[in-house]
Each structure stands twice: as structure tokens, then as C-alpha cells.
Amino acid sequence: MRTAFWLSGVAALVIASVLAAQERPGSPRPEVRSARSRPALDEIRGNEIAAHVQFLADDLLEGRAPSTRGGDLAARYLAAQLALLGYEGGAADGAYFQQVPIVETLVDTSFTLTAGPGAPFRFLEDVVGGSGIQEPQVRAAGEVVFVGHGIVAPEYNWNDYAGVDATGKIALIMVNDPPATADEPQLFGGPALTYYGRWTYKFEQAARQGATGAILIHTDESATYGWPVVQAGWSGTQYAIPAVEGAPRLALTAWVTDRAAREIAKRGGHDLDALRRGALMRGFKAVPLGIQASGTINQTVAQRTSPNVIGRLRGTNQSEAVIYTAHYDHLGMRELKPGEPPDTDRISNGATDNATGLAGLLEAAQAIARARTRPARSIYVLFTTAEESGLLGAAYFADRPVLPAGAWAANINIDSLNMAGPSRDIVLLGAERSSLGAIASQLAAETDRVVGPDPAPGRGYFFRSDHFPLAKIGIPAVSVGEPIDFTGPDPAASKRFWEEYNAKRYHNVDDEILPSWNYDGAVNDMRFLAELGWRVANLPAKPVYHPNEQFARPRAVTN
Ligand SMILES: [Zn+2]
């Protein structure tokens with residue numbers, strides 16, 4: 001012990017004198033200076049990622065569901081690792097945990113929707129519904145107004161609520177974006193889905209307009225999935241965070257089938273197809289249908305709590321920061337089905353989704369902490385809870401973001417690492433939306449890589465992980481996606497690996513650690529992302545959304 005201590009003391013003296021020599025004034029050593037001010041990227045290693053994943057994806061953690069013993073164990077582990085790396089607690093009062101209240105509601109299947117004269121619409125068969133008000137019984141009633149796509153988008157000079165007072169009304173709304181036209185091929189992102197097209201936006205906007213309820217019209221084409229998906233999504237327990245005090249809320253949030261929507265329009269004396277055609281054009285005017293709709297939501301309401309884990313490495317300027325995110329929750333355990341043997345695997349380990357992301361982010365956090373200088377802006381690491389139940393941990397953080405929304409230079413989100421082998425491309429969803437993309441592309445060019453495009457912009461993946469609530473408050477954000485340009489000895493095998501994962505393992509009990517995992521791609525990507533965050537933390541100016549981006553606006557307000 002004593003010898004080792006003495007030796008390390010000598011080593012420290014030697015290192016200190018070498019450093020002192022390098023820093024002598026009048027001997028410019030730019031290469032040394034740049035080496036000193038970089039994250040320790042070669043300390044990001046596959047065996048260390050594997051070690052973290054071994055713990056976090058273990059059966060003992062029972063699938064890391066929020067507010068379960070396994071989920072809490074994961075949170076404790078992550079906080080301990082952050083502390084070991086020298087990150088202090090980044091939540092209020094220097095704590096590592098930001099407690100997130102999660103409200104669970106289950107709507108009684110007796111729910112029906114009445115609209116005008118005629119039989120009420122039945123739960124699941126014609127309509128699914130819930131409420132933005134988390135009380136055991138909520139009554140909603142109001143006149144039905146067809147509001148087209150229900151969009152207010154100044155940058156496209158589009159306002160479906162123009163000239164109508166939606167206060168106390170029930171809005172009947174089409175999902176997806178209005179289509180681009182020959183004259184305006186980039187209207188609403190062209191073939192890409194904008195956030196204006198997402199069903200969550202439709203509810204948010206109707207609430208902002210003062211509506212008492214909103215009914216979305218389902219079609220296979222506009223939703224990109226069938227009615228059974230809507231039924232399944234809305235028939236079980238629903239999860240939400242409590243509404244911010246004073247924020248507008250809808251008493252009724254519902255979807256109806258196309259058939260039911262046609263019937264509602266007919267009862268108001270209108271043809272739904274004609275209404276929809278009118279809504280494709282700028283200047284559309286909302287159409288009051290002259291009939292009342294009403295429904296009573298009876299629901300059980302329960303509240304739980306689960307922590308976000310937040311660590312902070314102080315920069316020299318602590319009033320601004322870069323934030324990394326990765327969700328630690330997963331789907332937990334399913335019930336044993338009748339007839340299944342008791343030792344059936346019921347645990348969704350979430351090894352890829354998102355134990356790899358947690359492990360990779362711990363490695364990046366380590367590389368940054370072991371740089372020999374502090375970054376200019378602080379570095380925050382946020383391990384979120386309840387991503388799988390609707391980005392709730394991230395949404396709660398976005399409501400209470402520790403620093404003002406305008407203080408965050410960028411968010412880098414990691415949801416599942418690439419375990420299929422090295423790739424030239426690193427797909428960063430959202431890179432094209434802000435100047436963060438150009439910074440990433442510059443870094444890629446220096447490291448013989450490319451920033452790959454969103455492989456399916458029509459599917460709206462940018463809206464489906466934890467960076468998105470942060471983007472909504474104006475923080476330039478990117479999220480790592482699935483690569484396509486594999487560079488290992490057998491690129492076709494890497495492609496097959498991803499296909500198999502998406503088809504069989506994703507959100508299934510089979511998302512486990514595999515002997516076939518190749519850590520090279522994950523290591524390359526995390527080195528890239530550690531360097532990216534470091535650069536952004538040290539740039540003179542913060543990245544910004546491009547002026548026509550939907551997410552540029554809240555920033556302009558909060559800055
Ligand atoms: Zn995930």
C-alpha cells in the first residue's frame with residue numbers, strides 16, 4: 001500500500017513538472033494545448049459499455065419499469081456512477097434525483113360519445129377517449145366544430161382556427177399534415193411529417209384555443225396505422241404528468257373511426273369528404289356543425305413517483321450548458337399467461353433499449369470528465385424515467401428545466417446504441433433542423449464519417465424520444481438513429497442484425513445481451529457524441545434552429 005502510494009506521488013510530481021514545462025510562456029505548443037482540451041475519447045471502450053449493460057439489463061432489475069424496485073435500482077446505480085465520475089447532483093438543491101409525479105388513469109369501458117340526434121358511439125368500436133383532467137369523473141359537452149387539420153403555423157401562413165372562437169367547443173380534427181402542392185413542394189415539410197401532423201399537437205393546439213374537447217378522425221392513411229392500434233393504445237392504463245398550474249386542458253380527448261366521423265358530419269348536415277377537401281387549402285374556414293357532442297369519462301386515477309437522474313459537470317460559465325439524455329426505464333415484466341410454465345421469461349430486459357444508451361452515455365460522461373480542462377459551458381447528464389410511457393420524465397424536465405430554457409445550448413439524446421458493427425454514417429435525427437447539424441457534419445468530415453439523413457422522415461421519429469420535449473421548448477436537439485452504411489467485414493450481416501432486432505427483439509422479452517454484439521460501432525458513435533457535446537460546450541455562440549423551424553419560436557420567446 002505504502003509503496004504504491006509513494007510511487008503514485010512520484011508519478012504525479014513527474015506529470016506536474018512535464019505539464020509545467022509545456023505551459024512555459026513563450027513556447028507556443030498549439031498541438032499540446034488542443035490535446036489538453038479534449039475529452040479522453042480513448043477511454044470510451046467496448047468492455048466498459050458491456051460492464052454497465054451487464055448490470056442494467058440483468059434479470060434482477062426486472063425490466064426497469066418506473067416506480068418499481070428494478071427501475072429505482074437502475075436510477076441509484078446511475079446516480080452512483082455519476083458521482084464516481086465527478087458529476088455533482090444537477091437537480092434542484094444539488095440532488096441527483098428530480099422526482100417525477102406520474103398520473104395513471106384507466107377509463108371505464110362504459111364510455112360512450114353522444115353527438116347530435118341518433119345513437120351514441122360505442123367505446124372501442126367507434127370511439128376511444130380519455131381526458132386531460134385527471135379526476136375520477138369528467139363531463140364534457142359542447143358544439144362540434146370541424147377545424148380541418150387543427151393547425152396554427154405562422155411560418156406556413158396557415159391558421160385552421162382563424163375566425164372561429166373555439167372556446168367551450170368540441171373540435172373535430174383531421175390527423176397528419178396538409179399535403180404539399182405543386183406550387184409549394186415544401187409546404188409542411190413536403191413528404192416529411194411535421195409536428196403539426198402529430199396527434200399530440202392536435203390536442204395541444206385545441207386546448208390552447210380554449211376548446212373543451214377534441215375528437216381526432218382516424219383513417220389508416222392519415223394515421224399510418226389501423227384502428228386496432230388506436231384501440232390498443234387507448235384501452236389500457238394511460239400515463240401522464242400532472243398539468244402545469246393554469247395550463248389549458250381538454251376535458252375530452254378522443255379518436256373516432258372514419259365511419260363514425262362521417263356519421264357525425266351527416267348529423268350536422270354535412271358531407272365529411274367535402275369538409276375534408278375544403279381543409280386542404282390555405283384560407284380554409286372552420287365549420288360549426290350545429291350539433292352538440294357530450295360524454296362522461298369515468299376513470300380510476302392513481303399517482304406514482306419515479307426519479308429522473310441528473311448529474312452536472314460545472315463549466316467555467318455555469319449559466320449555460322449542454323445536456324445529454326438517455327432513458328433508463330423500460331417495459332418491466334408482463335403477467336404470466338394461463339398455461340405458461342412459471343419459469344417463462346416475462347422480463348423485458350431492454351438491453352439494447354436502453355441499457356446500451358445508458359452505458360454509452362456514462363462512457364461519454366467519463367471521457368468529458370477526464371479532459372484536463374473544464375468545458376466553457378456546463379455538461380449535464382439526464383437519465384430520464386417513463387420514456388416508454390410517453391416521454392414523461394423528459395416532459396417533466398422540460399416544464400422545470402433547472403436552468404432557463406434559453407440557457408441550454410444543445411441536447412444530444414441516446415436511445416439504443418448500434419450493436420451491429422461499425423458504420424460510416426451516424427444518423428442524428430433532427431440534425432437538419434438547426435445549426436447543430438453543421439457542427440456535427442464538420443466533426444464527421446474530420447473523422448472520415450458522415451451524418452446520415454433521417455431514413456424515414458414521413459414516420460416522424462424525431463417526435464418519439466426524449467429529445468423532443470426539449471426541442472419543444474426551443475433547445476436544438478439531435479437523437480441517434482439506426483445507421484445504414486456499415487463498414488465491418490460483413491455489412492450485410494450488420495443490416496440483418498438490425499432487421500432481426502426490429503422484427504423480433506424490439507420491445508420484447510428477447511431484447512437481451514447477445515454474444516453476437518459488436519461494440520465497435522457503439523464505441524465510435526459515443527466518441528463522436530462526446531466530442532460533439534464538448535465542442536458545443538466550448539463554442540462562442542449557442543446553436544440555433546433554422547428560422548423556419550417550428551421549434552425556433554419558443555426559443556425566441558424564452559431567450
Ligand atoms: Zn428507447
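Compute the distance in nm between two label points, each set 7 Å from the Cα along the Cα-to-Cβ direction, one at E500 and one at R282. If labels sit at E500 and R282, their model points lie 5.1 nm apart. The residues of segment 296-440 present an accessible area of 29 Å² per residue when probed at 1.4 Å with all protein chains retained. Against the criterion of solvent-accessible heavy-atom surface with a 1.4 angstrom probe, E500, E62 sort, most first, into E62, E500. Couplings 3J(HN,Hα) of segment 347-361, computed from phi: 9, 7, 5, x, 5, 6, 10, 9, 4, 5, x, 5, 5, x, 5 Hz, in residue order, whole Hz [Karplus 6.51 cos²θ - 1.76 cosθ + 1.60, θ = phi - 60°; x for Gly and Pro].
The alpha carbon radius of gyration of segment 33-152, expressed as a multiple of 2.2 N^0.38 Å, is 1.83. Each peptide in 218-228, 197-207, 354-364 gets a packing score, the mean of other Cβ atoms within 10 Å over its residues, and the list from highest to lowest is 354-364, 197-207, 218-228. The residue among G481, A260, Y196 whose Cα reaches farthest toward the positive pole of the charge dipole of the chain, with charges on the beta-carbon of Lys, Arg, Asp and Glu, is Y196. Positive end of the charge dipole of the chain (Lys, Arg +1 and Asp, Glu -1 on Cβ, about the Cα centre): tell me which of G213, V152, A359 has its Cα farthest that way. Result: V152, furthest along the dipole toward the positive end.
The magnitude of the dipole of segment 287-376, with charges of +1 and -1 set on the Cβ of Lys/Arg and Asp/Glu and taken from the Cα centre, is near 540 debye. Once all protein chains are placed together, R208 keeps about 140 Å² accessible to a 1.4 angstrom probe. Rounded if a/c is under 1.5, else prolate if a/b beats b/c, else oblate: with a ≥ b ≥ c from the C-alpha gyration tensor eigenvalues square-rooted, which is segment 289-395? Since a/c reaches 1.5 but b/c is at least a/b, the shape of segment 289-395 is classed as oblate. Rounded to the nearest whole Hz, the Karplus-based 3J(HN,Hα) values (6.51 cos²θ - 1.76 cosθ + 1.60, θ = phi - 60°) of segment 454-466 follow the sequence 4, x, 9, x, x, 9, x, 4, 4, 8, 10, 9, 5, with x at glycine and proline. Across E499, E512, the residue with the most accessible area heads the list, and the full order at a 1.4 Å probe is E499, E512. Shape class for segment 147-283, computed from the alpha carbon gyration tensor (a ≥ b ≥ c): rounded, with a/c under 1.5. Shown for segment 105-217 is the translational diffusion coefficient from the Stokes-Einstein equation, using the Kirkwood radius over Cα pairs, a temperature of 37 °C and a viscosity of 0.692 mPa s: 213 µm²/s. Across all Cα pairs in segment 150-204, the calculated P(r) in 10 Å bins from zero up to the longest distance comes to 23, 52, 22, 3 percent per bin. Cα-Cα pairs above 18 Å in segment 51-98: how many percent? Percent of Cα pairs beyond 18 Å in segment 51-98: 34. At 20 °C and a viscosity of 1.002 mPa s, what translational diffusion coefficient does Stokes-Einstein give for segment 459-540, taking Rh as the Kirkwood radius over Cα pairs? Give it in µm²/s as a whole number. Approximately 139 µm²/s, per Stokes-Einstein. Under 5 Å between amide hydrogens, built in the peptide plane, is the criterion, and for V427 it picks out G452, G481 among residues at least 5 positions away or on other chains. Remark: the D93-Q186 segment gains 28.9 nm on full extension, using 0.36 nm per residue and subtracting the alpha carbon distance.
Extents of segment 251-296, taken as max minus min of Cα coordinates on every principal axis and listed largest first, are 35, 21, 20 Å.
Using the Cβ-Cβ distance between S110 and R424 with R0 set to 45 Å, the FRET efficiency works out to roughly 0.20. Taking the average, over residues, of other Cβ atoms within 10 Å as the packing measure, peptides 147-155, 297-305, 481-489 rank 147-155, 481-489, 297-305 from highest down.
Which of rounded, prolate, oblate describes segment 402-559, given a ≥ b ≥ c as roots of the alpha-carbon gyration tensor eigenvalues and a/c under 1.5 marking rounded, otherwise prolate only if a/b is larger than b/c? Cα axes put segment 402-559 in the prolate bin.
Values of log10 I(q)/I(0) for segment 210-352 across q = 0.14, 0.15, 0.16 Å⁻¹ run -1.03, -1.09, -1.14, by the Debye formula with one identical scatterer at each alpha carbon and no solvent. Atom-type composition of the exposed protein surface of the chain places 55 percent of the accessible area on carbon and sulfur (1.4 angstrom probe). Between N413 and T325, V478, S479, V480, the built amide H atoms are under 5 Å apart, and every one of these is 5 or more places off in sequence or on another chain.
Heavy atoms of the protein chains alone define the surface here; on that basis segment 474-549 has 47 Å² accessible area per residue at 1.4 Å probe size.
Only beta bridges with both residues in the chain are counted; by DSSP, about 60 percent of them are antiparallel.
Peptides 278-285, 310-317, ordered by how many other C-beta atoms sit within 10 Å of their residues on average, highest first, read 310-317, 278-285. Over the C-alpha atoms of the chain, the Rg to Rh ratio, Rh being the Kirkwood estimate, stands at 1.01. Summarising the label geometry, the points placed 7 Å from Cα in the beta-carbon direction at D520 and E135 lie 6.1 nm from one another.
Taking amide H positions as modeled 1.01 Å from N, with prolines and chain starts lacking one, the residues under 5 Å from S434 and 5 or more places away or on another chain are H546. Within segment 80-108, name every residue whose backbone N is under 16 Å away from a label modeled 7 Å from Cα of I513 along the Cβ vector. The answer is none. Taken one residue at a time, the phi angles of segment 363-373 give Karplus couplings (6.51, -1.76, 1.60, θ = phi - 60°) of 5, 5, 4, 5, 4, 6, 5, 8, 5, 7, 10 Hz. Gly and Pro are set to x. Calculated mean residue ellipticity, 222 nm, the chain: -9000 deg cm²/dmol, from DSSP H runs (n ≥ 4) at -39500 (n - 2.57) each, averaged per residue and rounded to 500.
The values are calculated or read from the model by the stated rules, or taken from the named source; none is laboratory data. None of these values were measured; they are calculated from a predicted model. Because the Cβ atoms are built from the backbone with ideal geometry, glycine has one as well, and the counts that use them run over all protein chains shown. To get the accessible areas, we keep the full protein, side chains included, count just its heavy atoms, and leave off ligands, DNA and RNA. Shrake-Rupley method; radii C 1.70, N 1.55, O 1.52, S 1.80 Å.
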